[in-house]
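Engineer: Have a look at this one.
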Amino acid sequence: MRYAETGFNLEIDLTLGTVERVETELDLAGSYLGGQGSAAKLLWERVPPETDPFSPDNLLIFSTGLLHGTPLPACNRTVVNTFSPQTNLMSHSLFGGFFGPELKYAGYDKIVIRGKATDLVYLYINNDKVEIRDATHLRGKGCTETGDLLKKELKDQRIQVAAIGLAGENRVYMASIDHNHASAARGVGVIMGDKRLKAIAVRGTKAVNVARPAELFEMSQRIHQKMAGSSGCGDWMAVDEDDSFHHNHFAWGNARTRRPGYWNKELQDRWTNLKYDNMDRQTGCYNCPKKCRNVIKMPGQQRFGYKCFGKDTYHMAAFLELDFSYEILGIAQEYGVDSYSTPQVMAFALELLDAGILQDKDFPEMPEDVRGRFFYLLEKIVRREGIGDILADSVSQAARRIGNGAEAYDHNTTKKFEQLPIKLGKLNPAYFLMIATGEKMSITQIEGSFPQDPLPTEEQRQEFVNKWEAVPDEKFKDYFLNWKKRSDISDEATCDIVDWNEAMHYIDDSLGFCGFVSSFRGQFGGDVPYHMNNIPEAIALATGVAMDKPKLWKNFQRIRTLIRAVNVRRGLRRKDERPPEDHWAVRDEQYEQELLSKYYAFKGWNSEGIPTRQTLESLDLAYVADDLEQRGILDPADGGPR
Amino acid sequence: MNPGIGMKTVQEILVNVDKCTGCRACEMACSAFHSNPQFSSINPAKARIHVVSNELTDEYVPIFAGNHTRSGCDGRHVYTIDGKTYSECSFCRASCPTRENFIEPDSGLALKCDMCESTPPLKQPWCVEVCGEHALVYSEREVEREEPARAAPGQLEVGLQALMKQHGMEAVIARLKDIGKEK
């Protein structure tokens, strides 16, 4: 019997219309964990690097985390991986809710989708019964609307549905895959749409078994209780009405204008009233005691849910207020577009119009007011109509298609992907490395374990480290104790900190944990319920596979290095690893490149950011080294002994 | 707890639908507790509590399994509460042929909440224990024990009484005698 995982993947070929249930190798649990880790292995093995993301040979993989379906709380984030037409690199995305655990209860660890259907279909998974069904009647339907229609059609309210909206159907690069007011962005909705897959409906009534039941349940309950009563995890932004942090410090418009001092008490009171006058409740994801999602119902409009910075992106891009975000979010979420990148694309278009690079004739019948303009652009983008067809390719690619100087307005992307609209003064070394080298594309998916800022007094720092259980090594306590000014920290410490931050995301995304109880959240207070010192035990109790901290760390390094290799094979090189040029006002090119070289060396990568043979072999990835050498990407002479 | 003569303890789970976040930790814990060996497998379909939920209509109603009924119903009643509509099934605790709730998926047998009966007894059922928002609250109260109801009349007795009411006792007896002779 397999514990924690089911041991089976579903292989779907939409071209042939075939469904296979494939048993997986047992040792995957130890080597690549589950989720994103084992998905990366499949992408490495089965999608040759020259494969166009729009090719039927591109895979779209929905993965459960290794620990989904076990009693461990807040373990529910479904991982979606494919290759993105926006970046031409591996897409990594996640959504919360109930889908992943339900898939496990149906008896599968992953759904691996290849090929393309001739017209819209949906996948219906009901335990052993798996069908590819016609979905042409769902064409143009919204994301949650599709879920609702499928539940009625299949006569089962307990089905979990992940669906694309009109944006995904029309292959908009910013399209998301939505489920239960949660969404997966960053390049996965477009591929689901390209494969003509409108939705996946899952129902599972089988058991997930665990290896050491009583101990795991006891551990789960201990963590559950810690979470429920703790302010050290979950999304505090769901309840903290003081949102001066984003509004005063992040850039508005096309990541352009900072408005320090914008926030004030009158505004806060007004927005708080708007929220609570229209909020139904706060909801949580599967088996999690936190309630991070605010569910809003504006009069006469559809319900929607948001968390975190998602409530600010539209009105900050448009220089409007919260009521505008509330107005557009419900509609945009039904169309299925990413609320982080899409507003930037719209603000970018309006900047080009102001600059005269785009003309009034490019926006026929566009309203005069900015509110009306954003709605206009949303409709154009999700339908790929007129200028919307170009904008739907995202800022970076749209800038190149438009030309005529538009490229200069593409100032907030890295690896062709829209970054958070943050424009600061002096370079922060750790953030330089994270934004430059991260392959999860958004800083929120990379940062998170080590605090963003030092504490002002020695007493405060001492107090912080005294109760800091999450550190994987005591050296991080020393780094923090001796850290007084943000940019004043050794390169050695910076490399270690970035590595730890990355590690927790790679582990979470392979096991299924939510970043708000682990990888993203430790930076705010340090008191996260899941960390390097207890996750190995959780894995061992659930799977029965022996696990300890060094082994788990090596798993992280193996998965992270494999993903680097996947992207290197598709062309990722040092030149691509640059944060937006205006991310910091004061830059030092020489220092940045020195730091980048040190970090590459720290990671065991060569000067181009390519893992060396020695590194690959130390992580049991000799097959990757062989491949990179055969392709002439790694020089055998440079990569250590054969 | 030792109720006095004529008293009994009623165990209840009080449900506050306004507080439910829809996380279904209750389902997880219920299925774990009732698995064999205990906590060895998780399967919300085997839970004796279900959260009836619909994010479009903001419906989050935890119901725990009540009695089994062999007949289904049309479930057509619609309740409107605070402007939101709920179907009859949303509040119904029965395991019935009309829906899958509270039917053990492997055996097809009905499931019923047993308040996590255990030796020694638990402080409260597991669903309540894991409900971080206290949408579920456990309560015990003492009530007077009711007199045991008289055994219900059997089908034959009901039938005979109806015939006697319609035709008179003597006519029924006479006819029964005739039938006896004919046989």
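The values are calculated or read from the model by the stated rules, or taken from the named source; none is laboratory data. All values derive from a computational prediction rather than experimental measurement. For neighbour counting, all protein chains shown are included, and Cβ atoms are generated from backbone atoms with ideal geometry for every residue, glycine included. Ligands, DNA and RNA are excluded from the accessible area calculation, which covers all protein heavy atoms including side chains. Shrake-Rupley method; radii C 1.70, N 1.55, O 1.52, S 1.80 Å.
Engineer: Taking only region B:57-74 into account, find how many residues are more than 9 Å from every other protein chain (Cβ to nearest Cβ) and either without any contact (Cβ under 8 Å) to a residue 24 or more places away in the chain or in a loop (DSSP other than H, G, I, E, B) (or both). I'd like the intermediate steps shown before the answer.
Structural biologist: Narrowing region B:57-74 to residues more than 9 Å from every other protein chain (Cβ to nearest Cβ): B:59, B:61-74.
Now restrict to residues that are either without any contact (Cβ under 8 Å) to a residue 24 or more places away in the chain or in a loop (DSSP other than H, G, I, E, B) (or both): B:65-67, B:69-74.
Counting residues in region B:57-74 that are more than 9 Å from every other protein chain (Cβ to nearest Cβ) and either without any contact (Cβ under 8 Å) to a residue 24 or more places away in the chain or in a loop (DSSP other than H, G, I, E, B) (or both) gives 9.
Engineer: (1) open to solvent by 10 Å² or more (accessible area, probe 1.4 Å); (2) under 20 Å from the mean Cα position of the chain (by Cα): which one isn't true of A:L67, the others all being true?
Structural biologist: It fails just one condition, (1).
Engineer: Also, I was wondering about something else. If a residue has to be open to solvent by 50 Å² or more (accessible area, probe 1.4 Å), out of contact with any Lys or Arg (no Cβ under 8 Å at 6 or more places or on another chain) and closer than 22 Å to A:L43 by Cβ to count, how many in region A:579-617 make the cut?
Structural biologist: 1
Engineer: Wholly within region A:375-484, which helices (runs of 4 or more DSSP H) include no fewer than the required count, namely at least 1 residues that are at pLDDT 95 or above, open to solvent by less than 10 Å² (accessible area, probe 1.4 Å) and more than 30 Å from A:E334 (Cα to Cα)?
Structural biologist: On the way: elements: A:387-391, A:394-402, A:429-437, A:458-466, A:475-481.
Fully inside region A:375-484 and qualifying: A:429-437, A:458-466, A:475-481.
Engineer: In region A:348-374, what residues are of a type in the set (D, E, K, R) and outside any helix (DSSP H, G or I)? Even if it seems obvious, please write down each step before you answer.
Structural biologist: Taking region A:348-374 as the starting set, the residues that turn out to be of a type in the set (D, E, K, R) are A:351, A:354, A:360-362, A:365, A:368-369, A:371, A:373.
Those that are of a type in the set (D, E, K, R) and outside any helix (DSSP H, G or I): A:E365, A:E368, A:D369.
Engineer: Going by the conditions given, is A:K155 open to solvent by 10 Å² or more (accessible area, probe 1.4 Å), out of contact with any helix residue (DSSP H, G or I) (no Cβ under 6 Å at 6 or more places or on another chain) and either part of a strand (DSSP E or B) or at pLDDT below 95 (or both)? Please lay out each step first, then the result.
Structural biologist: Working: open to solvent by 10 Å² or more (accessible area, probe 1.4 Å): yes; out of contact with any helix residue (DSSP H, G or I) (no Cβ under 6 Å at 6 or more places or on another chain): yes; either part of a strand (DSSP E or B) or at pLDDT below 95 (or both): yes.
Criteria met by A:K155.
Engineer: A further question follows. Restricting attention to region A:79-131, which residues are among the acidic types (D, E) and open to solvent by 10 Å² or more (accessible area, probe 1.4 Å)? It would help to see each step written out before you state the result.
Structural biologist: First, the residues of region A:79-131 that are among the acidic types (D, E): A:102, A:109, A:119, A:128, A:131.
Matches in region A:79-131: A:D109, A:D119, A:D128, A:E131.
Engineer: Determine, yes or no, whether A:F363 is touching a Phe, Trp or Tyr at 6+ places or on another chain (Cβ under 9 Å), modelled with pLDDT of 95 or more and under 30 Å from A:V568 (Cα atoms). Spell out how you get there, then give the answer.
Structural biologist: Working: touching a Phe, Trp or Tyr at 6+ places or on another chain (Cβ under 9 Å): yes; modelled with pLDDT of 95 or more: yes; under 30 Å from A:V568 (Cα atoms): no.
The answer is no for A:F363.
Engineer: Let me ask something else. Can you name every residue in region B:1-56 that is more than 8 Å from chain A (Cβ to nearest Cβ), touching a Pro at 6+ places or on another chain (Cβ under 7 Å) and surrounded by fewer than 24 Cβ atoms within 10 Å (Cβ to Cβ)?
Structural biologist: Scanning region B:1-56 gives B:T9, B:I13, B:V15, B:V51.
Engineer: Moving on to the next point. Please name all residue pairs, on different chains or six or more residues apart, with Cβ atoms under 8 Å, provided the first residue is in region A:341-368 and is in contact (Cβ under 8 Å) with a residue 40 or more places away in the chain and the second residue is open to solvent by 20 Å² or more (accessible area, probe 1.4 Å) and aromatic (F, W, Y).
Structural biologist: Short answer, once both residue conditions are applied: A:F348/A:Y409; A:E351/A:Y409; A:L352/A:Y409; A:A355/A:Y409; A:I357/A:Y409.
Engineer: Another question about this same structure. Quick check on my filter: what residues within region A:158-177 are within 14 Å of chain B (Cβ to nearest Cβ), open to solvent by less than 10 Å² (accessible area, probe 1.4 Å) and farther than 10 Å from A:A199 by Cα?
Structural biologist: Residue satisfying the conditions is A:I159 alone.
Engineer: Take the conditions assigned to a loop (DSSP other than H, G, I, E, B) and either free of Cβ contacts under 8 Å to residues at least 24 places away in the same chain or buried (at least 22 other Cβ atoms within 10 Å of the Cβ) (or both) and apply them to A:S55. Does it pass? Give the steps one after another, and end with the answer.
Structural biologist: Values: assigned to a loop (DSSP other than H, G, I, E, B): yes; either free of Cβ contacts under 8 Å to residues at least 24 places away in the same chain or buried (at least 22 other Cβ atoms within 10 Å of the Cβ) (or both): yes.
Yes; evaluated as a whole, the condition is true for this residue.
Engineer: Residues that are of a type outside the set (V, I, T), buried (at least 16 other Cβ atoms within 10 Å of the Cβ), over 27 Å from A:V345 (Cα atoms) and under 27 Å from the mean Cα position of the chain (by Cα): does region A:247-270 have at least one?
Structural biologist: Scanning region A:247-270 turns up no residue that is of a type outside the set (V, I, T), buried (at least 16 other Cβ atoms within 10 Å of the Cβ), over 27 Å from A:V345 (Cα atoms) and under 27 Å from the mean Cα position of the chain (by Cα).
Engineer: Something else about it: From the list A:V79, A:V112, exactly one residue is in contact with a Ser or Thr (Cβ under 7 Å, 6 or more places away or on another chain), of a type in the set (A, V, I, L, M, F, W, C) and away from every other protein chain (no Cβ under 13 Å). Which is it? Spell out the reasoning first.
Structural biologist: Numbers: A:V112 fails: in contact with a Ser or Thr (Cβ under 7 Å, 6 or more places away or on another chain).
On inspection, the qualifying residue turns out to be A:V79.
Engineer: Within region A:133-145, how many residues turn out to be away from chain B (no Cβ under 11 Å), in contact (Cβ under 8 Å) with a residue 24 or more places away in the chain and either among the β-branched types (V, I, T) or closer than 13 Å to A:V202 by Cβ (or both)?
Structural biologist: Residues that pass the stated criteria total 0.
Engineer: While we're on this one: If you go through region A:537-578 one residue at a time, how many are outside any helix (DSSP H, G or I), out of contact with any helix residue (DSSP H, G or I) (no Cβ under 8 Å at 6 or more places or on another chain) and open to solvent by less than 30 Å² (accessible area, probe 1.4 Å)?
Structural biologist: Here is the first cut: in region A:537-578, the residues outside any helix (DSSP H, G or I) are A:544-548, A:570-573, A:577-578.
From what's left, out of contact with any helix residue (DSSP H, G or I) (no Cβ under 8 Å at 6 or more places or on another chain): A:544, A:570-571, A:573.
Those left that are additionally open to solvent by less than 30 Å² (accessible area, probe 1.4 Å): A:570.
Within region A:537-578, residues that are outside any helix (DSSP H, G or I), out of contact with any helix residue (DSSP H, G or I) (no Cβ under 8 Å at 6 or more places or on another chain) and open to solvent by less than 30 Å² (accessible area, probe 1.4 Å) number 1.
Engineer: Only one of A:E365, A:E407 is touching a Lys or Arg at 6+ places or on another chain (Cβ under 7 Å) and more than 19 Å from A:N170 (Cβ to Cβ); which? Spell out the reasoning first.
Structural biologist: On the way: A:E365 fails: touching a Lys or Arg at 6+ places or on another chain (Cβ under 7 Å).
So the residue among A:E365, A:E407 that is touching a Lys or Arg at 6+ places or on another chain (Cβ under 7 Å) and more than 19 Å from A:N170 (Cβ to Cβ) is A:E407.
Engineer: With (1) of a type outside the set (S, T, N, Q); (2) in contact (Cβ under 8 Å) with a residue 12 or more places away in the chain; (3) within 15 Å of A:L216 (Cα to Cα) as the list, and B:F39 as the residue in question, which single condition is left unmet?
Structural biologist: The single condition B:F39 does not satisfy is (2).
Engineer: Being surrounded by 19 or more Cβ atoms within 10 Å (Cβ to Cβ) and either closer than 24 Å to A:P429 by Cα or without any contact (Cβ under 8 Å) to a residue 60 or more places away in the chain (or both) is the requirement here; does A:L628 meet it? Please lay out each step first, then the result.
Structural biologist: Details: surrounded by 19 or more Cβ atoms within 10 Å (Cβ to Cβ): yes; either closer than 24 Å to A:P429 by Cα or without any contact (Cβ under 8 Å) to a residue 60 or more places away in the chain (or both): no.
When the stated conditions are applied, A:L628 does not pass them.
Engineer: OK, next. Taking A:R303, is it in contact with a Cys (Cβ under 9 Å, 6 or more places away or on another chain), within 13 Å of chain B (Cβ to nearest Cβ) and within 30 Å of A:C75 (Cβ to Cβ)?
Structural biologist: Details: in contact with a Cys (Cβ under 9 Å, 6 or more places away or on another chain): no; within 13 Å of chain B (Cβ to nearest Cβ): yes; within 30 Å of A:C75 (Cβ to Cβ): yes.
Spelling it out, it is not the case that A:R303 is in contact with a Cys (Cβ under 9 Å, 6 or more places away or on another chain), within 13 Å of chain B (Cβ to nearest Cβ) and within 30 Å of A:C75 (Cβ to Cβ).
Engineer: Can I ask one more? Can you tell me how many residues within region B:107-135 are within 13 Å of chain A (Cβ to nearest Cβ), over 16 Å from A:Q221 (Cβ atoms) and without any contact (Cβ under 8 Å) to a residue 12 or more places away in the chain?
Structural biologist: Final tally of qualifying residues: 2.
Engineer: Output the strands (runs of 3 or more DSSP E) that fall wholly within region B:75-183 and possess 1 or more residues being small (G, A, S), open to solvent by less than 60 Å² (accessible area, probe 1.4 Å) and touching an Asp or Glu at 6+ places or on another chain (Cβ under 6 Å), or say none.
Structural biologist: In region B:75-183, the matching strands (runs of 3 or more DSSP E) lie at B:136-144.
Engineer: Which one of these does A:F476 not meet: (1) within 27 Å of the chain's Cα centre (by Cα); (2) over 26 Å from A:P73 (Cβ atoms)?
Structural biologist: (2)
Engineer: If you check A:Y3 against the conditions, is it within 14 Å of chain B (Cβ to nearest Cβ), open to solvent by 30 Å² or more (accessible area, probe 1.4 Å), closer than 30 Å to B:V130 by Cα and touching a Ser or Thr at 6+ places or on another chain (Cβ under 7 Å)?
Structural biologist: On the way: within 14 Å of chain B (Cβ to nearest Cβ): yes; open to solvent by 30 Å² or more (accessible area, probe 1.4 Å): yes; closer than 30 Å to B:V130 by Cα: yes; touching a Ser or Thr at 6+ places or on another chain (Cβ under 7 Å): yes.
Answer is yes for this residue.
Engineer: Residue by residue through region A:44-71, note down the ones that are more than 14 Å from every other protein chain (Cβ to nearest Cβ) and polar (S, T, N, Q).
Structural biologist: Listed by number, the residues that qualify are A:T51, A:S55, A:N58, A:S63.
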